[in-house]
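Before any comments, here is the structure.
The values are calculated or read from the model by the stated rules, or taken from the named source; none is laboratory data. Everything quoted here is computed from the prediction, not taken from an experiment. Methodologically, a virtual Cβ is constructed for each residue, glycine included, from the backbone with ideal geometry; neighbour enumeration extends over all protein chains shown.
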């Protein structure tokens, strides 16, 4: 039996899940419109552990959503995850943020899933997944136009999800586009992915691990 603590801070959703093997048994998150991570993250970590009646010393691993996303959010989450790993002497697992976000889309045969995270102005971070949640186009930072993703929209239904959807829904009029609104990455979808990596001992080097920022930080 393995307890894995999953941390997701790539957007404004501060989200923490406790996973027992691959099942999420506790979840705390805050879908606030502002970044509350510095105030809430460690409280949420304490809450999910205490509610299960265990201690931090019972954890088998820490799983972190590695990005892309908010520079500040990712930095806070990764710092907390690495601190716990060092203090408890347990391994670190990293999960691509867009991969777990794609899992929020229910299975639809012969469709594509495009999770997208806001990257300022008309730019998003996106990737493309098949109906079986397999990545078929790598993560990119791209500027949206009315012809973005035409390659996929001309073939099948495409489900767009994430906080970049609002930008693209105003540009895209393709009938195959389905926009799933008001969804952010959550630790809730990290459980199965984290447990699979844990079983394979697919761990990060805690000393050298850095978030997947994709773009250099620009102060605004």
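For the reader, a short list of remarks on this structure follows.
- Counting only residues that are modelled with pLDDT under 95 and in a helix (DSSP H, G or I), segment 152-166 holds 1 of them.
- Search result, residues across segment 18-34 that are under 21 Å from residue 200 (Cβ atoms) and exposed (fewer than 15 other Cβ atoms within 10 Å of the Cβ): 23
- Criterion (touching a strand residue (DSSP E or B) at 6+ places or on another chain (Cβ under 6 Å), modelled with pLDDT of 95 or more and in a loop (DSSP other than H, G, I, E, B)) met by exactly one of 124, 105, 48, 93: 105
- Condition check for residue 43: assigned by TED's automatic domain parsing to the domain that holds residue 80, in a loop (DSSP other than H, G, I, E, B) and out of contact with any helix residue (DSSP H, G or I) (no Cβ under 6 Å at 6 or more places or on another chain): no
- Count of segment 167-188 residues, restricted to those that are in a helix (DSSP H, G or I) and in contact with a helix residue (DSSP H, G or I) (Cβ under 9 Å, 6 or more places away or on another chain), is 2.
- All positions within segment 135-154 that are touching a residue at least 40 places away in the same chain (Cβ under 8 Å) and farther than 16 Å from residue 99 by Cβ: 141, 152
- Test: residue in segment 46-59 that is under 18 Å from the mean Cα position of the chain (by Cα), in contact (Cβ under 8 Å) with a residue 40 or more places away in the chain, at negative phi and surrounded by 14 or more Cβ atoms within 10 Å (Cβ to Cβ): no
- Among (1) modelled with pLDDT under 95; (2) part of a helix (DSSP H, G or I) - the single one residue 35 does not satisfy: (2)
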